[in-house]
Structure formats: structure tokens, C-alpha cells
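Novice: Right, I'll just put the structure down here and ask away after.
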């Protein structure tokens, strides 16, 4: 009974953290909420202009769809994933006043940050899908139920990375400066602006180990092409991310007891 009550209290506290994060980052001012949509739209427009107009990028597998929808389907999930990790990275140091004064599981702070970022960006993702449909792109809405578990698995992956980076950042503050260029490098090595088939054969072998490439490919197949390509690779991805999340939470809890000494 006591454990059940504690779980309920933890859940309520986590929900409040998520709501607080959403209000603080997106809803307390119109700029924050508008920028949630405008920033990805501006970046999408820039990439679309550079690659489709200047470099005349043509992707054979997306010839009937168009470069912009092909890019948009992948760009919004990546933006949610990347921004969630970057925001969560400094979440412990930003909320240092809470630690030691309130009895709660410290890992709820980065997890709440990731969750709030995903929730808000997925609202924008839904709006983009509707706009794409209205402008002539055939979105396969019947497969959206399969998109949800893919997004949830991506969220778990982001949570696992956030637990690692936010814990390390308490002790090594330079992580806040190192992480953004690493995420940029990850972005350009993931087939978002191009198709995986464009990579040399030697690089494709390495790229297959990029989890984000798997997520991007599945989202495009489901929403743009109406294809289902789950199999052993999907099972391997679930097992890998589950194991990684378990290691991450243990790593975080191992060092969380020392956070107060460095905040």
C-alpha cells in the first residue's frame, strides 16, 4: 500500500514537472509557442531551398512525392529528439534548487524535460502532416497507429541519452558546449536531407548502426509510402534501446547522490 501510494505521488509530481516545463518553455509567452512552429519551418524552408533549388537534389525513391514532404516527415521527429536532449542536458543544473530540498527521484527532471519537448513538437508534427495532406501529399493516416510506437521508442531513446548527458554535465560543465556540435554531426550523418542509398557502400554498412536512421526510415515508409517493414531489425532495436535505457537509469542513480556537492 505504501509503495502504491508512493508511485502515485511520483506520477503526480512527474506530471506537474512536465506541465511546468511546457508552461515555462512554450506557453508563458507567445514567442515561445510560435517559435516551436516557426523555427522548424524556417530551417525546413532553408534546407529545401538549398538542396532542391541550388543543388538540384533529386531523390529517386521520392520522385512522386517531392523533396519537401520527404524532408518534412523526417525533420520534425529529429527536431523533437535533438531539442529534447539539448534541453534535458542542463536540466539538473537549472533545477539545482529542487535537489536536496524536496524528496523525489532526481531522474524525473530530465525525463520531464524530454517528455514536455516531445509533446509540444509532436503537436507541431501533426499540424505539418495536415498541411502536407492539404497541399497534395498523400499521407497514409491508416498507418498512424504504427507511427505512435515508433515515436514512443524514439522518446525512450532520447530519455536514455538525456539521463547520461544530464548526469555527466553536473560534474563536467563543458558537456553543454560539446553536445550541440555532436548533435549537428549526428543530424548530417543521418539520412534526413538525403536517402540512405546515396551513401557509399562502405558507409552504408556503418550507417546501419545509426538508430536514428532506422527511425527516420520507418516513419517515411509508414506515412509516405504506406509500407510496413518491421522484422528482426525492429526487435533488435527494441532490445537495444531497452537495455540502453536500463543502463542509463542505473548510471544516473549511481551518481545522483553526489549532485548536491556540485550544484
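The values are calculated or read from the model by the stated rules, or taken from the named source; none is laboratory data. Keep in mind that this is a model prediction, so the values were computed, not measured. Virtual Cβ from ideal backbone geometry, glycine too; neighbours counted across all protein chains shown.
Novice: Considering each residue of segment 205-221, count those that are farther than 13 Å from residue 154 by Cβ and assigned to a helix (DSSP H, G or I), and give that number.
Specialist: 5
Novice: Of the residues in segment 187-211, how many are modelled with pLDDT of 90 or more and more than 20 Å from residue 48 (Cβ to Cβ)?
Specialist: 2
Novice: Of the residues that make up segment 102-116, is at least one within 30 Å of residue 222 (Cβ to Cβ), free of Cβ contacts under 8 Å to residues at least 24 places away in the same chain and in a loop (DSSP other than H, G, I, E, B)?
Specialist: No, because not a single residue in segment 102-116 is within 30 Å of residue 222 (Cβ to Cβ), free of Cβ contacts under 8 Å to residues at least 24 places away in the same chain and in a loop (DSSP other than H, G, I, E, B).
Novice: Within segment 53-89, which residues are part of a loop (DSSP other than H, G, I, E, B), touching a helix residue (DSSP H, G or I) at 6+ places or on another chain (Cβ under 7 Å) and either surrounded by fewer than 19 Cβ atoms within 10 Å (Cβ to Cβ) or modelled with pLDDT under 70 (or both)?
Specialist: 57, 65
Novice: Report yes if some residue within segment 241-262 is surrounded by fewer than 14 Cβ atoms within 10 Å (Cβ to Cβ), more than 17 Å from the chain's Cα centre (by Cα), modelled with pLDDT under 90 and part of a loop (DSSP other than H, G, I, E, B); otherwise report no.
Specialist: Yes: one or more hits.
Novice: Looking for whichever is surrounded by fewer than 19 Cβ atoms within 10 Å (Cβ to Cβ) and either in contact (Cβ under 8 Å) with a residue 40 or more places away in the chain or touching a helix residue (DSSP H, G or I) at 6+ places or on another chain (Cβ under 7 Å) (or both) here; the options are 157, 144. Which one fits?
Specialist: Exactly one residue qualifies, and that residue is 144.
Novice: Residue 152 fails exactly one of the following numbered conditions: (1) assigned to a helix (DSSP H, G or I); (2) more than 22 Å from residue 16 (Cβ to Cβ). What is the number of that condition?
Specialist: (2)
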